[in-house]
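Novice: I have a structure here, written as structure tokens, and I will follow up with some questions on it.
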Amino acid sequence: MPLPYADLLFTGGPVFTAGGGPATAVAVRDGRIIATGHDLGALAGPSTEVVDLAGRLLLPGFQDAHVHAVMGGVELNQCDLTETTDLDEYLRRVAAYAEDHPDVAWIVGGGWSMETFPGGVPAKELLDRVSPDRPVFLANRDHHGAWVNSRALELAGITADTPDPAHGRIDRNPDGSPAGGLQEGAMELVTPLLPEVTTADRIAGLKRAQQLLHSLGVTAWQDAMVCATNGYPEVSDAYLAAASEGWLTATVVGALWWDRDRGPEQIPEIVANRERLTVGRLRCDSVKLMLDGVAENFTAAMTEPYRDGCGCATGNTGLSFIDPAALRSYVTELDALGFQVHFHALGDRAVRDGLDAVAAARAANGFTDTRPHLAHLQVVHPDDVPRFRRLGATANLQAYWASHEPQMDELTIPFLDPALAARQYPFGDLWRSGAHLAAGSDWPVSTPDPLQAIHVAVNRVHQGEDYEPFLPEQRLDLATALAAYTAGSAYVNRLDDTGTIRPGNRADLVVLDRDLFAAPVTEIAAATVAGTWVDGRQVHAG
């Protein structure tokens, strides 16, 4: 019996199916792929929309396995310091924002880079020049630290006598007075004073974010911070509104936040939130556990101590935000309840703690299909690389970070034990060991553009930068990097009818402006998205 006519037919170009077999044409009906092959002209009826690829690449929609979409969208409307490392430009933007928003009580925003400042520590006096009377709070680009002015410190009561919180650090001048930087949990000394970000603000942010992500070919994502505590913003109201009102066109998995200041008594609340926040295209059955900080402020949990400015070992091996023994019991209970666990694990000790917790859950519950994943993976001990495959734990890569740049070369490598510095972002080792790979951006920490990240995964250098490739033996080939951002992330998101182009799957598709496989890999990041479709409906036209 012949197939019915297609609603949508792509023809005349290469198709990266991510495991669905070779093809140069794809037919779609009622939001699903009905056929792939090389000559599907017989499926074109009088009302079929035909998209002539004209040699351009068709591939599954990108899926971001670790992003903060609402936060990113909100920040697009705040004081934006991204896309530059120039101090004068930072101050110009803060002054301009202050002038353009004379009625706001606080100047809030972020995106600055630690490399701009000596030792990565910003000075409050710089902000005092452009905003002496109004308080300023600017998160850095990785959101693990903030730059504040004197007025903000005054309002928060932070002085030389203020002790560092258990999970954070106040950057200080030689006399002990606060310098202007707040690391990790020290930000919580100020964040309760910030103006409220309203539900309306978050809804507007999600709308901006969804439009941006669709324009970059992203059709689904996992938000890594839903129902957040510990000083982080809450975003579930925006997602619930979007899913309930029907304007959420992406498919979203929400990772419910684990409050690191509490224990297993929060699990019933997490279960209740899973039920409350699983609506329409939104499903919240993942739990985010933040195990450590970041390397550049010496809070990522390492197996070897950080070095000081002279290259000597210190007594600091970073922070563990959750006790490792308790972590194993938490993860075992969550796994038994059917939750996926999603770890922030940046240092090799944090990675080991996360894998140990997965191993404990596997031993107690068996190999259930919960698909745990560990994100960031800046340093992975060689002994732990093969454990990903053995435990069925996915390596969730933020590939854009695997490049030489000042923050890496000046603020990270000199302060890591040399053995740790040589193990950074070991994508190639993980792939060769048989680990399942997924990919994400961590936007707004870094660009949400999958093509920029894939470029670095393949080249180990940012587009247009004149650096040597960073640990080039850890490169991925183009097909593997594309698969991580499509089929790999779809697996993590438990969206098994997406991520590959094969009959029966949802027609979440992207057309690029060129065939990546026909051009030098050094030009990957120059590609752009010509069109994005979700369930066979176009949501972006380039």
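Novice: Working carefully through the options Asp466, Asp449, find the one that is of a type in the set (Asp, Glu), touching a Leu at 6+ places or on another chain (Cβ under 9 Å) and surrounded by fewer than 24 Cβ atoms within 10 Å (Cβ to Cβ).
Specialist: Exactly one residue qualifies, and that residue is Asp449.
Novice: Quick one: Val461 ticks every box in (1) closer than 23 Å to Gly21 by Cβ; (2) buried (at least 20 other Cβ atoms within 10 Å of the Cβ); (3) among the hydrophobic types (A, V, I, L, M, F, W, C) except a single one, so which number is it?
Specialist: The failed condition is (1).
Novice: Just checking, which of Arg460, Arg506 is closer than 28 Å to Leu391 by Cβ and of a type in the set (D, E, K, R)?
Specialist: Step by step, each of Arg460, Arg506 is checked, and only Arg460 is closer than 28 Å to Leu391 by Cβ and of a type in the set (D, E, K, R).
Novice: Now, a different point. Pairs please, first residue from region 356-376 and surrounded by fewer than 18 Cβ atoms within 10 Å (Cβ to Cβ), second anywhere and in a loop (DSSP other than H, G, I, E, B) and at pLDDT 95 or above, Cβ atoms under 7 Å, 6+ apart in sequence or on different chains.
Specialist: Qualifying pairs under 7 Å: Phe367/Gly392.
Novice: Let me ask another. Hey, could you check region 140-165 for residues that are assigned to a loop (DSSP other than H, G, I, E, B) and among the hydroxyl-bearing types (Ser, Thr, Tyr) and say which is surrounded by the fewest Cβ atoms within 10 Å (Cβ to Cβ)?
Specialist: Result: Thr159.
Novice: Something else: Can you confirm whether region 47-62 contains a residue that is among the basic types (Lys, Arg) and under 30 Å from Thr447 (Cβ atoms)?
Specialist: For region 47-62, residues among the basic types (Lys, Arg) and under 30 Å from Thr447 (Cβ atoms): present.
Novice: Go over the candidates His66, His143 one by one and state the one that is under 29 Å from Ala481 (Cβ atoms), at pLDDT 95 or above, under 25 Å from the mean Cα position of the chain (by Cα) and not basic (Lys, Arg).
Specialist: His66
Novice: Still on this structure: Please find, among Asp429, Asp508, the residue that is charged (D, E, K, R), in contact (Cβ under 8 Å) with a residue 12 or more places away in the chain and more than 25 Å from Tyr306 (Cα to Cα).
Specialist: Numbers: Asp429 fails: more than 25 Å from Tyr306 (Cα to Cα).
When all the criteria are applied, what remains is Asp508.
Novice: When only residues in region 310-339 that are small (Gly, Ala, Ser) and free of Cβ contacts under 8 Å to residues at least 12 places away in the same chain count, which is nearest to Ile270 (Cα to Cα)?
Specialist: It comes out as Ala325.
Novice: Does any residue of region 73-82 turn out to be outside the structural domain of Gly181 (by TED's automatic domain parsing), more than 19 Å from Arg202 (Cα to Cα) and of a type in the set (Gly, Ala, Ser)? So that I can check it myself, show each step before the final result.
Specialist: Within region 73-82, the first condition is being outside the structural domain of Gly181 (by TED's automatic domain parsing), and the residues that meet it are 73-82.
Remaining after also requiring more than 19 Å from Arg202 (Cα to Cα): 81-82.
Those left that are additionally of a type in the set (Gly, Ala, Ser): none.
Within region 73-82 (the criterion being outside the structural domain of Gly181 (by TED's automatic domain parsing), more than 19 Å from Arg202 (Cα to Cα) and of a type in the set (Gly, Ala, Ser)), the answer is no, since none of the residues qualifies.
Here's the yes/no breakdown for (1) among the β-branched types (Val, Ile, Thr); (2) modelled with pLDDT of 95 or more; (3) crowded, with 24+ Cβ neighbours inside 10 Å:
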| site | (1), (2), (3) |
| --- | --- |
| Leu256 | no, yes, yes |
| Arg262 | no, yes, no |
| Glu265 | no, yes, no |
| Pro268 | no, yes, no |
| Arg274 | no, yes, no |
| Val279 | yes, yes, no |
| Arg283 | no, yes, no |
| Leu291 | no, yes, yes |
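Novice: Right, another one. Which of the residues that make up region 166-197 are part of a helix (DSSP H, G or I) and either in contact (Cβ under 8 Å) with a residue 60 or more places away in the chain or aromatic (Phe, Trp, Tyr) (or both)?
Specialist: Scanning region 166-197 gives a single hit, Leu193.
Novice: In addition: Looking at region 117-140, which of the residues that are aliphatic (A, V, I, L, M) and within 17 Å of Tyr97 (Cβ to Cβ) is nearest to the chain's Cα centre (by Cα)?
Specialist: Among those residues, the one meeting the criterion is Ala139.
Novice: Would you point out the residue of region 469-494, among those that are among the aliphatic types (A, V, I, L, M) and crowded, with 21+ Cβ neighbours inside 10 Å, that is farthest from Thr370 (Cα to Cα)? Don't jump to the end; show me each part of the working.
Specialist: Within region 469-494, the subset among the aliphatic types (A, V, I, L, M) is 471, 476, 478-479, 481-484, 487, 490, 492.
Filter once more, so that each one left must be crowded, with 21+ Cβ neighbours inside 10 Å: 476, 481-484, 487, 490, 492.
Working: Leu476: 26, Ala481: 23, Leu482: 23, Ala483: 20, Ala484: 18, Ala487: 17, Ala490: 13, Val492: 9 Å.
Within region 469-494, the match that is farthest from Thr370 (Cα to Cα) is Leu476.
Novice: Could you list all residues from region 251-275 that are touching a Leu at 6+ places or on another chain (Cβ under 8 Å) and over 23 Å from Asp292 (Cα atoms)?
Specialist: Passing the criteria: Thr251, Val252, Val271, Asn273, Arg274.
Novice: Can you name the condition, by its number, that Asp175 falls short on among (1) over 20 Å from Asp133 (Cα atoms); (2) out of contact with any strand residue (DSSP E or B) (no Cβ under 8 Å at 6 or more places or on another chain); (3) surrounded by 14 or more Cβ atoms within 10 Å (Cβ to Cβ)?
Specialist: Going through the list (1) over 20 Å from Asp133 (Cα atoms); (2) out of contact with any strand residue (DSSP E or B) (no Cβ under 8 Å at 6 or more places or on another chain); (3) surrounded by 14 or more Cβ atoms within 10 Å (Cβ to Cβ), Asp175 breaks only (3).
The values are calculated or read from the model by the stated rules, or taken from the named source; none is laboratory data. These numbers were taken from a predicted model, which means no experiment stands behind them. Don't worry about glycine lacking a Cβ; one is built from the backbone with ideal geometry, like all the others, and counts go over all protein chains shown.
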